[in-house]
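In what follows, a single structure is set out as structure tokens and then discussed.
The values are calculated or read from the model by the stated rules, or taken from the named source; none is laboratory data. Quick caveat, the model's predicted, so the values are computed rather than measured. Note that each Cβ is placed from the backbone with ideal geometry, even for glycine, and that neighbours are counted across all protein chains shown. These accessible areas exclude ligands, DNA and RNA; they are computed on the full protein's heavy atoms, side chains included. Shrake-Rupley method; radii C 1.70, N 1.55, O 1.52, S 1.80 Å.
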Amino acid sequence: MTTSFASALTAAHDAAASQHYPQAALYVVATPIGNLADISLRSLHVLQIVDCIACEDTRHTQGMLRSYGLERPGNQLLAVHQHNEAEAAQQVIERLQQGQRIAYVSDAGTPGVSDPGARLCAALQAVGLRSIPLPGASSVTSAISVAGAITPAQGESGFLFAGFLPTKNAERLSAVQKLADQPRCTVLLEAPHRIIELAQALALLGERQVTLAREITKQFEDIATMPASELAAWLQASPQRVKGEFAIV
């Protein structure tokens, strides 16, 4: 365990142990997107009391748990990722029907938001089982919170979450053209090896303001706002700017 989290486990017990945690329920736990301190006290407590942890990548999750002093035996970790989510959901259902408590975590952030988890929760709903959300870190809401996106005068409020755009050039350009007609703020996600291509496509938006949030909560976090037409050149001006994970507003 990282020594800095020893007191956090005590605080988690003191703050959350007296609450009710039903059996036969899936606890959908948001995990840090970079900074390990961005875990809630309730999440730390739930990760201690559940019978099993379903996760996108067992090795990644075991490393996270180890940092908190919560390492689990391998038979208490169940892989549930985008390639096996439908099949693995049946294993989760069987365990829940036996009265177990199970946590589900993706590699980073809130499950079911451009990460596995949605099909799992849908499968549980279909058989009358319960999913309980434990809110926490999200690159989407983090980026929105600092983008300074102002509600348009015509009254269009809120934002559109579009996630990852298509990877093929023609399909990506078509998607961006549709965004050009969208009056609400839009949030995209992108990986480092495709960020330049996305920025070039977003140039179609001209003077529309774009906030690029890179490596949110991590040591080299970088957040910048500029016209969409300038984004590709800005990224290409420094090799560091194209490294990491991106949320684009």
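For the range 111-150, the set of residues classified as closer than 22 Å to Asp57 by Cβ and free of Cβ contacts under 8 Å to residues at least 24 places away in the same chain consists of Ala118, Ala122, listed by residue number. How many residues are exposed (fewer than 15 other Cβ atoms within 10 Å of the Cβ) and either in contact with a Cys (Cβ under 9 Å, 6 or more places away or on another chain) or in contact (Cβ under 8 Å) with a residue 24 or more places away in the chain (or both) when one looks only at the range 233-249? Summing the residues that are exposed (fewer than 15 other Cβ atoms within 10 Å of the Cβ) and either in contact with a Cys (Cβ under 9 Å, 6 or more places away or on another chain) or in contact (Cβ under 8 Å) with a residue 24 or more places away in the chain (or both) in the range 233-249 gives 2.
Condition check: open to solvent by 80 Å² or more (accessible area, probe 1.4 Å) and assigned to a helix (DSSP H, G or I). Does Glu230 satisfy that? Judged against the criteria, Glu230 is a match. When residues in the range 168-197 are screened for being within 20 Å of the chain's Cα centre (by Cα) and either open to solvent by 70 Å² or more (accessible area, probe 1.4 Å) or of a type outside the set (Asp, Glu) (or both), 10 of them pass. When Ser114, Ser142, Ser131 are checked against the criterion of being under 12 Å from the mean Cα position of the chain (by Cα) and over 12 Å from Ala30 (Cβ atoms), Ser114 stands alone in meeting it. If the condition is being β-branched (Val, Ile, Thr) and open to solvent by less than 70 Å² (accessible area, probe 1.4 Å), then the range 1-50 contributes Thr2, Val28, Val29, Thr31, Ile33, Ile39, Val46, Ile49, Val50.
Residues that are free of Cβ contacts under 8 Å to residues at least 60 places away in the same chain, more than 17 Å from Gly109 (Cα to Cα), out of contact with any strand residue (DSSP E or B) (no Cβ under 8 Å at 6 or more places or on another chain) and in a helix (DSSP H, G or I) are absent from the range 29-41 altogether. Taking Gln82 as the residue in question, decide whether it is in contact with a Pro (Cβ under 6 Å, 6 or more places away or on another chain) and either surrounded by fewer than 18 Cβ atoms within 10 Å (Cβ to Cβ) or part of a loop (DSSP other than H, G, I, E, B) (or both). So Gln82 passes the test. Please verify whether Ile93 is in contact with a Lys or Arg (Cβ under 7 Å, 6 or more places away or on another chain), open to solvent by less than 30 Å² (accessible area, probe 1.4 Å) and at pLDDT 95 or above, treating the condition exactly as stated. It is false that Ile93 is in contact with a Lys or Arg (Cβ under 7 Å, 6 or more places away or on another chain), open to solvent by less than 30 Å² (accessible area, probe 1.4 Å) and at pLDDT 95 or above. Gly99 meets each of the listed conditions (1) surrounded by 13 or more Cβ atoms within 10 Å (Cβ to Cβ); (2) touching a residue at least 60 places away in the same chain (Cβ under 8 Å); (3) over 14 Å from the mean Cα position of the chain (by Cα) apart from (1). Screening Thr141, Thr110 for residues that are open to solvent by 50 Å² or more (accessible area, probe 1.4 Å) and closer than 26 Å to Leu189 by Cα leaves exactly one candidate, Thr141. Of all residues in the range 42-59, which are among the β-branched types (Val, Ile, Thr) and assigned to a helix (DSSP H, G or I)? Correct list: Val46, Ile49, Thr58. Where helices (runs of 4 or more DSSP H) fall entirely within the range 96-198, those with at least 3 residues that are within 29 Å of Lys218 (Cα to Cα) and modelled with pLDDT of 95 or more are at 139-147. Among the residues of the range 210-230, those identified as farther than 25 Å from Ala137 by Cβ and not hydroxyl-bearing (Ser, Thr, Tyr) are Met226, Pro227, Ala228, Glu230.
Residues in the range 156-166: is at least one open to solvent by 40 Å² or more (accessible area, probe 1.4 Å) and closer than 30 Å to Gln91 by Cβ? Yes - at least one qualifying residue is present in the range 156-166.
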